């Protein structure tokens, strides 16, 4: 997602530090302290303009949510939604999603969401895909041993690539939908802005995958 820079973004982020972190390494192993109470932590990598994570936090007050986004203007737009919602179980993280094991402790996270990530379609850019083996290595470190990756995309190439990398990594699938919006799984689906806009143009693919077969250690 690329958007035009907004001159107000930097100051807005600075003025709302109670809802946003730009020094995530300092919170490693202590993320629960950002919230009013200790609860499971769910993380969305590439949160975009925030519709998904805000609605998830609103519907699941029993879970603490962190939205990671690198682009300053995009996260500032999401932060506006977060500030307006005043949800005590939602925080934003202004950083790159690469190497999340540098700012989360081992097994600190209960779920990771990857929603409509950049497909990086050129073969030479495959290592940048958020479902590449390099990223899976870091996810495995920070996720609890029975915790899932929840992945949605409308890009067939990225979907096929991700299924292969998950499978080669020895993961197993709890859900695999080739057309989410016309499936039984749509009832509980919360859309991103991108999903709402482009779902009419083709199928949405969804996978829930675990590193540990049968959720065993």
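For the stretch 1-25, residues that are touching a residue at least 24 places away in the same chain (Cβ under 8 Å), part of a helix (DSSP H, G or I) and out of contact with any helix residue (DSSP H, G or I) (no Cβ under 7 Å at 6 or more places or on another chain) total 1. Residue pairs whose Cβ atoms lie under 9 Å apart, sitting 6 or more positions apart in sequence or on different chains, and linking a residue in the stretch 82-100 that is over 17 Å from residue 48 (Cα atoms) to a partner that is modelled with pLDDT under 95 and outside any helix (DSSP H, G or I), are 88/36; 88/37; 89/36; 89/37.
Residues of the stretch 34-46 that are modelled with pLDDT of 95 or more and either surrounded by 23 or more Cβ atoms within 10 Å (Cβ to Cβ) or within 18 Å of residue 108 (Cβ to Cβ) (or both): 34, 35, 38, 39, 40, 41, 42, 43, 44, 45.
Taking the stretch 89-106 as the range and being under 12 Å from the mean Cα position of the chain (by Cα) and in a strand (DSSP E or B) as the test, the residues that pass are 92, 93.
The residues of the stretch 58-88 that are in a loop (DSSP other than H, G, I, E, B) and either out of contact with any strand residue (DSSP E or B) (no Cβ under 7 Å at 6 or more places or on another chain) or buried (at least 18 other Cβ atoms within 10 Å of the Cβ) (or both), listed by number, are 60, 61, 62, 70, 71, 86, 87, 88.
Residues being over 13 Å from the mean Cα position of the chain (by Cα), crowded, with 18+ Cβ neighbours inside 10 Å and under 17 Å from residue 42 (Cα atoms): count how many of those fall in the stretch 107-135. Final tally of qualifying residues: 1. Let me spell it out: the conditions are (1) surrounded by fewer than 16 Cβ atoms within 10 Å (Cβ to Cβ); (2) touching a residue at least 40 places away in the same chain (Cβ under 8 Å); (3) more than 17 Å from the chain's Cα centre (by Cα); (4) over 23 Å from residue 61 (Cα atoms), and residue 176 meets all of them except one. Which number is the exception? Failed condition: (2).
Here residue 193 fulfils each of the conditions (1) within 23 Å of residue 96 (Cα to Cα); (2) surrounded by fewer than 18 Cβ atoms within 10 Å (Cβ to Cβ); (3) touching a helix residue (DSSP H, G or I) at 6+ places or on another chain (Cβ under 7 Å); (4) without any contact (Cβ under 8 Å) to a residue 40 or more places away in the chain apart from (4).
Of the candidates 63, 41, the single residue that is farther than 24 Å from residue 197 by Cβ and in contact with a helix residue (DSSP H, G or I) (Cβ under 7 Å, 6 or more places away or on another chain) is 41.
The values are calculated or read from the model by the stated rules, or taken from the named source; none is laboratory data. Values in this document were obtained by computation on a predicted structure and should not be read as measured data. Cβ coordinates were reconstructed from backbone atoms using ideal geometry, including for glycine residues, and neighbour counts include every protein chain displayed.
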